[in-house]
Amino acid sequence: MDLFTGSDRAQGYVKTLTAFMDECVYPAESVYAEQMRAAGDPHHHPQILEDLKAQARERGLWNLFHPHPEWGPGLTNLEYAPLAEIMGRSPALAPEACNCAAPDTGNMEVLTLFGTEEHKQRWLEPLLAGTIRSAFAMTEPAVASSDATNIEMSMRRDGDEYVLNGRKWFASNAMHQNCRVLIVMGKTDPAAAPHRQQSMMVVPIDAPGVTVVRNLPVFGYNDREGHAEITFDNVRVPLHDVLAGEGEGFAISQARLGPGRIHHCMRAIGMAERALELLCRRAESRTTFGAKLSDRANIQDWIAEARIEIEQTRLLTLKAAWMMDTVGNKQARVEIAAIKVAAPNMALKIVDRAIQVYGAAGVTEDFPLASFWAHLRTLRLADGPDEVHKRSIARAELGRYRQRGVAGA
């Protein structure tokens with residue numbers, strides 16, 4: 001498959017998805033906003049989303065992310081990349097409309113790879129059908145969770161069950177009205193090797209002892225899916241709800257976060273593209289001191305730099321996707337880390353400049369730029385902060401020289 005033109009199959013999906021965005025998603029944005037305002041509940045699930053989901057299924061735009069043909073179209077990462085970018089142009093609507101929203105995508109892949117038949121029947125199938133949502137509970141407020149070995153939640157074995165005690169936060173999606181299940185990471189054996197101490201378990205969100213304490217606003221936004229603080233007080237989990245066995249939590253997290261990171265970056269490019277489009281339209285329509293904003297040299301510089309930076313980031317993202325398909329996620333880890341740093345920072349810069357061109361309007365909810373900025377700034381922390389990814393890249397780079405024994409040279 002060509003990096004630049006894509007497969008015939010991928011081009012077909014791009015055409016169909018683009019038409020869906022133009023005909024259904026963009027016109028639905030104002031309807032969505034009105035239904036949310038009328039409900040008066042930041043976590044309301046508006047009817048327009050169910051309408052969009054039905055339209056997406058009719059057009060064959062369902063579970064596009066899933067690599068297994070029995071669950072979706074079976075696209076490669078490289079084929080999915082432009083589709084995620086297109087959905088990223090309307091992040092509040094398009095990913096969920098196509099059943100491609102985080103963290104469900106990662107959770108579905110985890111359940112596909114590591115779940116039992118019971119897990120697949122009880123949780124995976126309704127997730128694939130879009131009738132329920134899920135959350136991923138790893139981050140904790142009391143430790144630096146960017147190092148997953150710091151996780152403190154206790155998962156103590158008691159006969160044929162584990163007893164969970166601890167506190168999680170930023171469990172994205174846990175406030176969604178359709179959230180029914182959590183995938184929870186905790187510590188089952190503090191005495192084991194650092195990367196064998198953790199396990200992951202499937203926990204219904206209504207299990208006794210699970211309490212959703214509060215939603216955590218992000219830059220003042222109460223995102224519809226929410227970012228929840230959750231406490232676990234003697235929550236009992238059967239042995240068969242441990243994913244892949246005790247001590248496999250860290251390995252599962254690495255398998256889960258690689259694809260999740262690249263999906264985030266693809267959507268970030270879509271946000272950058274839409275921000276650049278909005279910037280250009282505004283610059284063409286506004287006049288100051290007798291000239292259009294688009295005639296100003298500094299605005300033209302911003303536009304040119306944005307185009308260059310989007311294309312650079314897209315190419316790096318496509319390379320990472322191609323490597324994931326051809327040599328695997330582990331061999332592509334440096335490229336995945338690089339795009340996780342590059343894409344949010346690039347998109348933030350373009351969104352910030354678009355806000356500047358819009359003036360006061362740019363920081364209101366009349367336009368999507370402010371919410372884009374909040375989402376992208378958060379993305380510099382989600383799935384690992386910039387600094388952790390830079391550390392991984394630097395260690396890999398230095399390793400090339402240390403292995404050759406040429407450090408002194």
| remark: Considering residues that are part of a helix (DSSP H, G or I), touching a helix residue (DSSP H, G or I) at 6+ places or on another chain (Cβ under 9 Å), open to solvent by 40 Å² or more (accessible area, probe 1.4 Å) and modelled with pLDDT of 95 or more, the number found within region 231-276 is 1
| task | Report the residue count in region 286-309 for those that are small (G, A, S) and under 18 Å from V351 (Cα atoms). | result | 3
| query | Would it be correct to say that A84 is assigned to a loop (DSSP other than H, G, I, E, B) and closer than 19 Å to F372 by Cα? | reply | no
| field | Among (1) of a type in the set (S, T, N, Q); (2) modelled with pLDDT under 95; (3) surrounded by 15 or more Cβ atoms within 10 Å (Cβ to Cβ), the one test that Q55 misses | value | (2)
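Only residues that are outside any helix (DSSP H, G or I) and either acidic (D, E) or out of contact with any helix residue (DSSP H, G or I) (no Cβ under 9 Å at 6 or more places or on another chain) (or both): list them for region 307-343, please. Even if it seems obvious, please write down each step before you answer.
Residues of region 307-343 outside any helix (DSSP H, G or I): 327-332.
Once the filter is applied, which keeps residues that are outside any helix (DSSP H, G or I) and either acidic (D, E) or out of contact with any helix residue (DSSP H, G or I) (no Cβ under 9 Å at 6 or more places or on another chain) (or both), region 307-343 yields V327, G328.
For region 5-25, what are the residues that are under 20 Å from L52 (Cβ atoms) and either loosely packed, with under 12 Cβ neighbours inside 10 Å or within 23 Å of the chain's Cα centre (by Cα) (or both)?
From region 5-25, those under 20 Å from L52 (Cβ atoms) are 13-25; that's our starting set.
Answer for region 5-25, where residues must be under 20 Å from L52 (Cβ atoms) and either loosely packed, with under 12 Cβ neighbours inside 10 Å or within 23 Å of the chain's Cα centre (by Cα) (or both): Y13, V14, K15, T16, L17, T18, F20, M21, D22, C24, V25.
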| said: So if I check each of E70, E29, E34, which one is open to solvent by 80 Å² or more (accessible area, probe 1.4 Å) and assigned to a helix (DSSP H, G or I)? | reply: E34
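Mind listing whichever residues of region 206-223 are open to solvent by less than 30 Å² (accessible area, probe 1.4 Å) and more than 16 Å from L376 (Cα to Cα)?
Scanning region 206-223 gives A207, G209, V210, N215, L216.
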| Just a yes or no: is a residue in region 321-344 touching a residue at least 40 places away in the same chain (Cβ under 8 Å), over 24 Å from the mean Cα position of the chain (by Cα) and open to solvent by 20 Å² or more (accessible area, probe 1.4 Å)? | no
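I need a count of the residues in region 20-59 that are in contact with a Lys or Arg (Cβ under 8 Å, 6 or more places away or on another chain) and not aromatic (F, W, Y).
First, the residues of region 20-59 that are in contact with a Lys or Arg (Cβ under 8 Å, 6 or more places away or on another chain): 20-21, 36, 42-45.
If we keep only those that are not aromatic (F, W, Y) as well, we get 21, 36, 42-45.
Total satisfying the criteria: 6.
Tell me, which residue of region 155-191 that is part of a loop (DSSP other than H, G, I, E, B), of a type in the set (G, A, S) and open to solvent by 30 Å² or more (accessible area, probe 1.4 Å) is farthest from R122 (Cα to Cα)?
We begin by selecting, within region 155-191, every residue part of a loop (DSSP other than H, G, I, E, B); these are 159-160, 173-178, 188-191.
If we keep only those that are of a type in the set (G, A, S) too, we end up with 159, 174, 191.
Of the ones still in play, those that are also open to solvent by 30 Å² or more (accessible area, probe 1.4 Å) are 159, 191.
Details: G159: 24, A191: 33 Å.
For region 155-191, the residue satisfying everything is A191.
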| field | Residue selected from region 99-154 under the condition surrounded by fewer than 18 Cβ atoms within 10 Å (Cβ to Cβ) and either within 15 Å of the chain's Cα centre (by Cα) or small (G, A, S) (or both), by the criterion farthest from F232 (Cα to Cα) | value | A129
| query | Restricting the search to region 345-371, which residues are crowded, with 20+ Cβ neighbours inside 10 Å and without any contact (Cβ under 8 Å) to a residue 60 or more places away in the chain? | reply | L348, I355, G362, A370
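If I ask for residues that are among the hydrophobic types (A, V, I, L, M, F, W, C), at pLDDT below 95 and part of a loop (DSSP other than H, G, I, E, B), which ones from region 144-154 would you list? Reasoning before the result, please.
Filtering region 144-154 down to residues among the hydrophobic types (A, V, I, L, M, F, W, C) leaves 144, 148, 151, 153.
Now drop any that are not at pLDDT below 95, which leaves 144, 148, 151.
A144, I151 - these are the residues of region 144-154 that are among the hydrophobic types (A, V, I, L, M, F, W, C), at pLDDT below 95 and part of a loop (DSSP other than H, G, I, E, B).
Based on what the data block shows, is D41 assigned to a helix (DSSP H, G or I) and open to solvent by 50 Å² or more (accessible area, probe 1.4 Å)?
Numbers: assigned to a helix (DSSP H, G or I): no; open to solvent by 50 Å² or more (accessible area, probe 1.4 Å): yes.
No.
Please go through region 344-368 and pick out each residue that is part of a helix (DSSP H, G or I) and of a type in the set (S, T, Y).
Of the residues in region 344-368, the ones part of a helix (DSSP H, G or I) are 344-363.
Answer for region 344-368, where residues must be part of a helix (DSSP H, G or I) and of a type in the set (S, T, Y): just Y358.
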| message | So, in region 92-117, how many residues would count as being closer than 30 Å to R274 by Cβ, assigned to a loop (DSSP other than H, G, I, E, B) and in contact with a Phe, Trp or Tyr (Cβ under 9 Å, 6 or more places away or on another chain)? | response | 7
| Considering L49, L75, which residue is in contact (Cβ under 8 Å) with a residue 40 or more places away in the chain, more than 25 Å from P368 (Cα to Cα) and among the aliphatic types (A, V, I, L, M)? | L75
| message | Residue pairs, Cβ under 9 Å, 6 or more apart or interchain, first in region 389-403 and farther than 21 Å from L379 by Cα, second open to solvent by less than 90 Å² (accessible area, probe 1.4 Å) and in a helix (DSSP H, G or I). List them. | response | A396/V334; A396/A337; E397/V334
| field | Flag if A374 is open to solvent by less than 30 Å² (accessible area, probe 1.4 Å) and free of Cβ contacts under 8 Å to residues at least 12 places away in the same chain | value | no
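The values are calculated or read from the model by the stated rules, or taken from the named source; none is laboratory data. Values in this document were obtained by computation on a predicted structure and should not be read as measured data. Counting neighbours? That spans all protein chains shown, and the Cβs are built from the backbone with ideal geometry, glycine included. Just the protein is used for accessible areas: all its heavy atoms, side chains included, with ligands, DNA and RNA removed. Shrake-Rupley method; radii C 1.70, N 1.55, O 1.52, S 1.80 Å.
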